[in-house]
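The values are calculated or read from the model by the stated rules, or taken from the named source; none is laboratory data. Note that this is a predicted model, so its numbers are computed, not measured. Cβ: placed from backbone, ideal geometry, glycine included. Neighbour counts: every protein chain shown. For the accessible areas, the whole protein counts, side chains as well, though only heavy atoms, and no ligand, DNA or RNA atoms are used. Shrake-Rupley method; radii C 1.70, N 1.55, O 1.52, S 1.80 Å.
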Amino acid sequence: MASSEEKEISHHLKLALKEIGKIKPWFSEEFNSWIFSHDLYPVEYAGETEEEVIQNYPLYIKEFIKHRLQDRLSPLMENKTRGHGGKRKGSGRPKGSKEEKVRIYLPKDIANLLKEPGVLMYLRGLIQACHHTHV
């Protein structure tokens, strides 16, 4: 019979593995081993074979989730984590840390221009400068 903590870990592991999707290791010439990591979790596993990595990576994710649920992660590690992996009250991005956004529709050529690096910052400065001269 599994304890409630084990059930919760198992639940969050299923969520994490669903977010991660297929575990597809890559070979690193530098380290001469197969490696897998995912952007949503600060967990990486390296092994001698693809199969070893596929088999053991979930165990490392499970251990990470266990530590997260027990509040044993350093604040630095917690800040790097974007996935759910043991989501609990108070976890996640602090309120107000994301810029508020609204969806608008623009002609495609203008939308593509706005995607260019630095254009939004330039445009924001230009609008603010114009706004200050008209106030």
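General remarks:
- Here residue 83 clears all of (1) modelled with pLDDT of 85 or more; (2) in contact with a Phe, Trp or Tyr (Cβ under 6 Å, 6 or more places away or on another chain) except the condition numbered (1).
- The set of residues in region 105-127 that are over 26 Å from the mean Cα position of the chain (by Cα) and loosely packed, with under 10 Cβ neighbours inside 10 Å comprises 105, 107, 108, 109, 110.
- Figure legend. Inter-residue proximity from region 1-21: first residues touching a residue at least 60 places away in the same chain (Cβ under 8 Å) and under 12 Å from residue 65 (Cα atoms), second residues open to solvent by 50 Å² or more (accessible area, probe 1.4 Å) and in a helix (DSSP H, G or I), beta-carbon distance below 6 Å, spacing 6+ or different chains. Indicated pairs: 9/66.
Table: residues versus (1) modelled with pLDDT under 90; (2) of a type outside the set (Val, Ile, Thr); (3) out of contact with any helix residue (DSSP H, G or I) (no Cβ under 7 Å at 6 or more places or on another chain).
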| site | (1), (2), (3) |
| --- | --- |
| 20 | no, no, yes |
| 24 | no, yes, yes |
| 31 | yes, yes, yes |
| 41 | yes, yes, no |
| 58 | no, yes, no |
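- When the residues of region 19-50 are filtered to those that are closer than 24 Å to residue 9 by Cβ and assigned to a helix (DSSP H, G or I), the one that is most open to solvent (accessible area, probe 1.4 Å) is 19.
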